[in-house]
Every structure is written in structure tokens, then in C-alpha cells.
Amino acid sequence: MGGGGAGESNPPPPPSPAPPAAGGAAKPFQVDRALHALGFEFTRVTAQEVVGRLPVTETCCQPFDWLNGGVSALMAETTASIGCYVASGYRRLAGVQLSINHVGPARLGDLVLAHATPIQIGRKIQVWEVQIWRIDPSTSERKDLVSTARVTLLANLSTPQQTNSYEEGLKKFSPKL
């Protein structure tokens, strides 16, 4: 077992990422890097609704091949935050509270849909509800509720100049959905 004895070989190290091409095209806009890395795809981004889907892969699962609750929490906070950002006129925000209930499983190979809608859009505080559903991949019909969350966000904070590129990227991305 892993002793490095005769007949055992260590796997080669993973390949290094390719260097960016000189003068190559800019990398595509990513609404959220963490969700993108898991395979999440945003399908709608507005001030009244944020929707996206995630294939449940091994990367997203806990040891029993069910969607990890932390991944559900990440989907909930991110979709609510993006909605808050758009609804506040692209102002910086901060998460204040996340409450999530896991009510059913999503298994390895399932497709889940996150649907975020505002409950309250105030000048300083926004509250969003996020439901995560297991869906039929062929029809996108909702089958079973996986998680439900409520996200409270502090909105309308001063926006640093360096976030302008994110705002522009999101504005260009949203109409394509």
C-alpha cells in the first residue's frame, strides 16, 4: 500500500496549465469563479431573478455521492449576491446572513437548478430567497426541492474603481442569456 516497493509506480504529476498566448484573446467573462470551476452555468441574470444550473459531479459531492450542502450554500449565496448587485445599480455589497435548509438529496449525475428571487429590495438591505431544485435534464422541469435558503445582504456600499471591469462584464453577459 503506497510503500513505493517493486511493481508500484507513482503517477506522473498533473500537467502545468498552458501559458497564455501572446496577444491572444481575453479570457471569457465569468460571473463567479468558484461556481464556474464547479461547472455552474448562469441562464438568467436580472434585478428580479437569477437562475443557473449545475451538473452534480464527483467534485460537488460528499463521500456518499450526494450534493455537498456547502455547494448548495455557495450556489445560494452567489446567486442572491449577483441579484443584489444588479438590483442595487451595481453597487458593492456584503453578505450579512445565510440560512439554508437541505430538504432532499441531489445525487451524482443529477442536474440542479438554483432560482434566486428578491423578497425585499431596500435602499440598504436586500433579502433574497433561493430554491435549489433537482430537474429533468431533457425538459428542465422541476422535480424535487433540494434546498431552500434565505440570504440577507447589505447593499449600496461604495464601489471601488477596480470593480468597474466586473460591472461591464456582467452587463455584457446578462443580455446574452
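The values are calculated or read from the model by the stated rules, or taken from the named source; none is laboratory data. The structure presented is a predicted model; accordingly, all values stated were derived computationally and were not measured. With ideal geometry, Cβ positions are generated from the backbone for all residues, glycine too; neighbour counts draw on all protein chains shown. Ligands, DNA and RNA are stripped out before the accessible areas are found, and what is left, the full protein with its side chains, is counted by its heavy atoms. Shrake-Rupley method; radii C 1.70, N 1.55, O 1.52, S 1.80 Å.
So, of the residues in the stretch 156-177 that are open to solvent by less than 70 Å² (accessible area, probe 1.4 Å) and of a type in the set (A, V, I, L, M, F, W, C), which turns out to be nearest to VAL96 (Cα to Cα)?
Ranking the qualifying residues of the stretch 156-177, first place goes to LEU157.
Spot the failing condition for VAL112; the list is (1) free of Cβ contacts under 8 Å to residues at least 60 places away in the same chain; (2) of a type outside the set (S, T, N, Q); (3) more than 22 Å from SER138 (Cα to Cα), and only one is missed.
(3)
Please specify each residue of the stretch 91-124 satisfying the condition of being of a type in the set (A, V, I, L, M, F, W, C), surrounded by 13 or more Cβ atoms within 10 Å (Cβ to Cβ) and outside any strand (DSSP E or B).
Result: ALA106, LEU108.
Working only within the stretch 141-155, note down all residues that are more than 18 Å from the chain's Cα centre (by Cα) and surrounded by fewer than 19 Cβ atoms within 10 Å (Cβ to Cβ).
GLU141, ARG142, LYS143, ASP144, LEU154
Please work out which one of (1) at pLDDT 95 or above; (2) open to solvent by 50 Å² or more (accessible area, probe 1.4 Å) is the condition GLY69 fails and give its number.
(2)
Show the residue pairs that are 6+ apart or on different chains and have beta-carbon atoms under 6 Å apart, the first residue being within the stretch 122-151 and under 18 Å from PHE42 (Cβ atoms) and at pLDDT below 95, the second being assigned to a strand (DSSP E or B) and open to solvent by less than 40 Å² (accessible area, probe 1.4 Å).
ILE135/LEU111; ILE135/LEU113; PRO137/LEU111; ARG142/ILE135
Give me the pairs: first residue in the stretch 25-39 and at pLDDT 70 or above and part of a helix (DSSP H, G or I), second residue open to solvent by 70 Å² or more (accessible area, probe 1.4 Å) and of a type outside the set (A, V, I, L, M, F, W, C), beta-carbon distance under 9 Å, and six or more apart or on different chains, which are they?
Filtered contacts from the stretch 25-39: LEU35/GLU41; ALA37/THR59; LEU38/THR59.
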